[in-house]
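First up is the structure itself, then whatever we jot down about it.
The values are calculated or read from the model by the stated rules, or taken from the named source; none is laboratory data. These numbers were taken from a predicted model, which means no experiment stands behind them. Quick reminder, even Gly has a Cβ in these numbers, built from the backbone with ideal geometry, and neighbours come from all protein chains shown.
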Amino acid sequence: MYLINRIYNELFYAGLSKEEFRRVKEPIAEKNRKTLGSVSIIVGLYWLASRFIYGSPEYAFSRTVFISSALFCLIILLCSLFLVKHVPQTLLPLICALLLSFFGTSFALAFLQPDQRIATMICVAMSIPNLFLERPIVTITIEMIAVVFYAVMGKRILNPDVYSWGISTLIIFSSVGVIIGHITTKSRFERYVYIDSAEKLAEIQTKYSEELQKEVEAKTERIVALHDQFVIGMAAMVEGRDNSTGGHIRRTSMGVKILVEEMKKGMQLSDTFCEKIIKAAPMHDLGKIAIDDDILRKPGRFTPEEFGIMKTHTAEGARIVNNILNDTDDEEFRKIAVNIAHYHHERVDGSGYPDGLKGDEIPLEARIMAIADVYDALVSKRVYKESFSFEKANQIITEGMETQFDPCLQPYYEAARPKLEAYYHYTSEQEITNLGA
Ligand SMILES: [Fe+2]
């Protein structure tokens with residue numbers, strides 16, 4: 001039963017399964033039709049030309065005939081390659097067809113009697129389509145019809161010697177054609193099945209990867225957003241306990257953003273670095289969560305002891321931020337956020353806290369944060385003080401350059417001033433409106 005199935009598959013589906021055959025039949029059949037068309041035209045023209053050029057008796061047995069026909073075949077082969085260059089899958093059967101044609105025709109022209117030549121050419125012509133048909137059973141059927149046709153018709157028009165020679169030649173050519181045709185068809189089908197399967201697999205894989213990628217991106221975005229909200233929530237909670245009138249986090253973040261945008265115009269700062277500073281800015285005072293309410297909410301000046309405790313919000317903030325971002329895969333962001341929390345009260349002359357760092361020892365992100373933090377403290381109203389005017393705040397910041405703030409940042413601060421003032425002017429108006437409401 002297995003053997004019968006196997007033979008059936010070989011004959012009807014070139015050794016493939018029925019589904020595979022159906023799937024890949026059409027593209028192969030399409031290419032075969034094109035190639036068979038070009039081969040038929042070329043071979044037909046060649047034979048036609050052969051009849052006129054080499055048909056006369058004086059050239060019939062000449063060596064020149066053989067060489068000329070070989071050269072002519074070569075030209076045809078090159079032309080055919082050009083014609084079917086877009087369908088390389090059909091190259092093998094095409095070459096087989098042309099070789100068959102070359103040997104058959106040259107043999108017929110050079111060594112045979114006129115009747116035998118015609119018989120040979122018919123055999124060759126009959127064999128060529130075998131190389132381009134998809135189903136082996138079809139080629140076998142066609143060959144059998146050809147043999148029967150030759151057997152019936154040849155008996156009437158050919159003399160007995162040529163007839164018997166022709167029928168044996170036809171059987172040999174047909175058998176060879178069927179075998180070569182079957183081998184080439186099988187190899188093409190197998191290649192197509194492989195390509196088809198590989199393409200389908202690649203398509204599925206690409207689609208799956210894209211979907212997976214989108215899902216991962218969406219989930220990551222959600223996690224990042226949740227994380228950001230958590231951090232902002234924590235910062236807001238700290239802010240609620242502080243003496244500031246609220247909005248400090250939002251305003252300092254905007255202050256950092258305005259400064260960084262100006263700095264980008266004159267310094268080599270990457271976009272991601274700038275985005276990360278802005279995103280990390282709300283975390284700068286997280287350490288205040290560890291400070292007692294008595295100190296944090298004290299309206300007047302701190303005693304030296306209280307100030308000492310207050311100073312710990314920087315190192316404590318760095319520890320908290322580090323813990324919060326411990327599992328992040330964005331190491332740069334973690335470092336920036338920790339630096340901002342840790343060093344935003346450092347001064348370039350070394351008199352700041354907690355570590356008394358000087359100049360460039362203070363990370364750039366902390367030097368930027370320091371300006372935005374102090375600027376906000378100056379122009380905002382606190383429990384213990386009224387807000388300063390923009391001019392007064394500017395005077396204090398400018399005087400603080402080289403002692404408290406990095407003088408290298410002064411030009412960017414100057415450039416940012418109009419935007420900072422416009423923003424704070426707008427914000428204070430909003431706050432008045434909100435209070436009125
Ligand atoms: Fe602070």
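Here's the yes/no breakdown for (1) charged (D, E, K, R); (2) at pLDDT below 95; (3) under 49 Å from the mean Cα position of the chain (by Cα):
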residue	(1), (2), (3)
Y343	no, no, yes
E346	yes, no, yes
S351	no, yes, no
G356	no, yes, no
G359	no, yes, yes
I362	no, no, yes
I368	no, no, yes
S387	no, yes, no
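Looking at the stretch 249-259, is at least one residue modelled with pLDDT under 90 and either within 12 Å of the ligand (Cβ to nearest atom) or not in a helix (DSSP H, G or I) (or both)? Yes, the stretch 249-259 contains a residue that is modelled with pLDDT under 90 and either within 12 Å of the ligand (Cβ to nearest atom) or not in a helix (DSSP H, G or I) (or both). For the stretch 332-361, a tally of residues being away from the ligand (no atom under 14 Å from the Cβ) and in a loop (DSSP other than H, G, I, E, B) returns 6. Can we say G308 is out of contact with any Asp or Glu (no Cβ under 8 Å at 6 or more places or on another chain), of a type in the set (G, A, S), without any contact (Cβ under 8 Å) to a residue 12 or more places away in the chain and not assigned by TED's automatic domain parsing to the domain that holds V374? When the stated conditions are applied, G308 does not pass them.
Please go through the stretch 132-145 and give me each residue that is surrounded by 20 or more Cβ atoms within 10 Å (Cβ to Cβ), part of a helix (DSSP H, G or I) and either under 40 Å from the mean Cα position of the chain (by Cα) or at pLDDT 75 or above (or both), ordered by number. Hit for the stretch 132-145 is F132, nothing else.
Which residue is surrounded by the most Cβ atoms within 10 Å (Cβ to Cβ), if the candidates are limited to the stretch 178-231 and must be among the small types (G, A, S) and within 30 Å of T139 (Cα to Cα)? The selected residue is G181.
Filter the stretch 302-331 down to the residues that are exposed (fewer than 13 other Cβ atoms within 10 Å of the Cβ) and not in a loop (DSSP other than H, G, I, E, B), then identify the one that is nearest to the ligand (Cβ to nearest atom).
F307
The residues listed here are D271, D292; of these, the one that is away from the ligand (no atom under 12 Å from the Cβ), of a type in the set (D, E, K, R), surrounded by fewer than 14 Cβ atoms within 10 Å (Cβ to Cβ) and free of Cβ contacts under 8 Å to residues at least 12 places away in the same chain is D271.
Being under 23 Å from R241 (Cβ atoms), aliphatic (A, V, I, L, M) and within 16 Å of the ligand (Cβ to nearest atom) is the filter here; which residues of the stretch 367-382 pass it?
M369, A370, A372, V374, A377, L378, listed by residue number.
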